[in-house]
């Protein structure tokens, strides 16, 4: 995908317990992260679906944090070299995990979540803008399968 | 007397110091350059290509952020990997040690450490490397050069001292390891761009080894700061893949591997 935004009808609810924030840390966890293609930075914004690489990296602009993907680059093997197998094909198939097996990443977004609570929000949307080191939005490199908000007390 | 196949472990093993790229003495830099120049000539198991091709193409044995539920071997695997290349260097040039790239220092200056840049009128073995015959045709077919290249960003975008300090203060090892990898390690690979920004090709750039030595140093500093090893004991017997011939437990203590980290060193021989 080129960029990601939570669907308008499925924002994250601000994490409160009996009306109060009771967490020390809040993480956004990205599961099933693909890493084919170029390396990039995934910039995370709250309630800023129109964010671009030029959007300031400040809480006031909705910026919550970034994760960085070390991309594998183009396929340098034979045909199907970069196709990830579904799993072991035999009980003694002890081969290493495929080099393009999906990854997981977590970004601590505590300050941004606290800001949403302080602003009286009951929910917020998440937008991820994939960007390179020259502040250019990179196309079709972003891939993940699940996004979770996890708090720790 | 026949030579034993393996030397006995030296009880008087000397601990060597890995130093900052910014603070190498001229003799230390000379040893490093000579070491890389020598191993680039080799086609055996001490050869630069032999080790570089293990990380990415064509062997793809590196360990990075796994999906949840899998053991995170990012730090142990790369510590073993650095150690094996350093042994290869020292086989040819005993005084050579891998230096660490202090991103927090070079962000105020050159970005890429100056010793890894081209030198006018000389061939600097640290400035880059050709890709091996095993992959070069595929690299070129993909529209890329036949040797390493860099396209670094602005030096000020490298990690700051404050960012490094915040990550070192994380107590939980798994959280520390993953944050170090994703927020600093991955960021710097993407900052250098070119072949360093591509997993399959990164280890062919000599700069890769200084970058990862910094990552390893941060694990070393974390261990010291928190008086802890890191990985849970349940995985200490796990063998690090790719023929590194070391387990996770083998690489928990840098002193057991014969090295330590220093800002700089100076020695005086004392003769009786």
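The values are calculated or read from the model by the stated rules, or taken from the named source; none is laboratory data. Here the structure is a predicted model, which is why all the values come from computation and not from measurement. Glycine also receives a Cβ, built like all others from the backbone with ideal geometry; neighbour counts cover every protein chain displayed.
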Quick one: which residue in B:187, B:178, B:271 is free of Cβ contacts under 8 Å to residues at least 60 places away in the same chain and in contact with a strand residue (DSSP E or B) (Cβ under 8 Å, 6 or more places away or on another chain)?
-> B:187
Quick one: in the range A:64-94, which of the residues that are touching a strand residue (DSSP E or B) at 6+ places or on another chain (Cβ under 6 Å) and touching a residue at least 40 places away in the same chain (Cβ under 8 Å) is farthest from the other protein chains (Cβ to nearest Cβ)?
-> A:64
Given (1) within 19 Å of the chain's Cα centre (by Cα); (2) within 22 Å of residue B:22 (Cα to Cα); (3) at pLDDT 95 or above, residue B:177 misses just (2)
Quick check: is even one residue across the range B:229-245 within 19 Å of the chain's Cα centre (by Cα) and assigned to a helix (DSSP H, G or I)?
-> no
Total residues in the range A:100-116, condition within 13 Å of another protein chain (Cβ to nearest Cβ), touching a strand residue (DSSP E or B) at 6+ places or on another chain (Cβ under 7 Å) and not in a loop (DSSP other than H, G, I, E, B) | 7
Which condition breaks for residue B:199 when tested against (1) in contact with a strand residue (DSSP E or B) (Cβ under 7 Å, 6 or more places away or on another chain); (2) in a helix (DSSP H, G or I)?
-> (2)
Could you please give the count of residues in the range B:246-256 that are more than 18 Å from residue B:227 (Cα to Cα) and either within 14 Å of chain A (Cβ to nearest Cβ) or in contact (Cβ under 8 Å) with a residue 40 or more places away in the chain (or both)?
-> 1
For the range B:46-66, which residues satisfy the criterion of being at pLDDT 95 or above and either surrounded by fewer than 15 Cβ atoms within 10 Å (Cβ to Cβ) or more than 18 Å from residue B:135 (Cα to Cα) (or both)?
-> B:46
For residue B:69, all conditions in the list (1) within 12 Å of chain A (Cβ to nearest Cβ); (2) at pLDDT 95 or above; (3) more than 14 Å from residue B:251 (Cβ to Cβ) hold save one; what is the number of the exception?
-> (2)
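Conditions (1) more than 25 Å from residue B:170 (Cα to Cα); (2) at pLDDT below 90, marked per residue:
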site: A:15; (1), (2): no, no
site: A:22; (1), (2): no, yes
site: A:37; (1), (2): yes, yes
site: A:41; (1), (2): no, no
site: A:59; (1), (2): no, no
site: A:64; (1), (2): no, no
site: A:78; (1), (2): yes, yes
site: A:89; (1), (2): yes, yes
site: A:121; (1), (2): yes, no
Residue among A:97, A:33, A:14 that is within 11 Å of chain B (Cβ to nearest Cβ) and over 20 Å from residue A:138 (Cβ atoms) = A:97
Give the residue, chosen from B:92, B:59, that is farther than 18 Å from residue B:29 by Cβ and more than 16 Å from the chain's Cα centre (by Cα).
-> B:59
Examine the range A:26-37 for a residue that is in contact (Cβ under 8 Å) with a residue 60 or more places away in the chain and over 18 Å from the mean Cα position of the chain (by Cα), and state whether such a residue exists.
-> no
Going through the range B:88-107 in order, the residues found to be in a helix (DSSP H, G or I), within 21 Å of residue B:51 (Cβ to Cβ) and touching a strand residue (DSSP E or B) at 6+ places or on another chain (Cβ under 9 Å) are B:90
Residue A:133 surrounded by 17 or more Cβ atoms within 10 Å (Cβ to Cβ), modelled with pLDDT under 95 and in contact with a helix residue (DSSP H, G or I) (Cβ under 6 Å, 6 or more places away or on another chain) | yes
